[in-house]
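Following: one structure in structure tokens, then a few remarks.
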Amino acid sequence: MIRIAIVADTPSRARGLADLLAEDERLDVVEARSVSAGTSHPQTSMADVIVAVGLMRHQLPRSGRPLLAVTDVPITRDEFGRYVHGWLPADASAAELIAAIFAIAQNFVVLTPEQRKLWLHAQPEDNDSVFSEALTRRELQVLRMLADGLGNKEIAQQLGISEHTAKFHVAQILAKLGATSRAEAVALGMRRGLVPI
């Protein structure tokens with residue numbers, strides 16, 4: 001069972017989300033409360049995952065425990081790496097919230113395709129602790145093919161390139177992600193939101 005702490009911008013939002021998550025018997029809501037507009041980095045009780053709803057960036061808890069930010073306020077890559085582990089828009093469905101909680105509890109990164117696209121086209125930030133050197137569009141394609149279990153020959157055929165070029169792309173991906181194997185590269189890609197789960 002995953003213990004959840006909810007921190008929201010209003011009491012009704014905190015109660016509403018608590019009631020929603022309580023319907024899933026795999027989740028245990030141990031705390032649900034609101035914070036005032038002037039509060040910075042509120043403390044929360046012991047929980048496996050913290051869900052912050054409708055908060056401004058300065059209000060997000062920084063407890064070191066996995067944090068899912070449910071907000072339309074942009075989260076920077078630097079913030080994401082330090083204390084935010086998942087980011088969903090405010091209109092996320094119940095199914096998306098629950099799936100994100102389970103993914104974050106297993107140390108995966110959660111981003112929507114739109115957010116991932118925004119970040120992949122953004123310039124790298126200083127002190128970027130989540131993303132390594134940016135992968136090219138072709139390297140992202142190859143990484144996703146690796147996740148599908150394709151070998152160099154199959155990747156080459158699908159992309160219309162030589163097997164030698166496919167092998168080069170794989171080597172570049174391993175180097176940029178700091179991985180020692182294809183499987184580790186795929187795992188790192190999933191954790192960093194580069195490969196859809």
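How high is the FRET efficiency between residue 106 and residue 154 when r is their beta carbon distance and R₀ equals 25 Å, given to the nearest 0.05?
Efficiency computed from Cβ-Cβ geometry: 0.30.
Sort 29, 142 by Cβ crowding within 10 Å, fewest neighbours at the top.
Ascending number of Cβ neighbours within 10 Å: 29, 142.
If packing is taken as the mean number of other Cβ atoms within 10 Å per residue, what is the order of 56-68, 170-182, highest first?
Those peptides, ordered most packed to least, come out 56-68, 170-182.
If you keep only loop residues by DSSP, which GluC sites (Glu not before Pro) in segment 136-167 have at most 13 other Cβ atoms within 10 Å of their Cβ?
Here no loop site has a sparse enough neighbourhood.
Can you pull a Stokes-Einstein diffusion coefficient for segment 137-191 at 37 °C (0.692 mPa s), Rh from Kirkwood over Cα pairs, as a whole number of µm²/s?
304 µm²/s
Bear in mind these aren't lab numbers, they're just calculated from the coordinates by the rules spelled out. What you see is a predicted model; the values in this text were computed from it and never measured. Here Cβ is always computed from backbone atoms with ideal geometry, including for glycine, and neighbour counts include all displayed protein chains.
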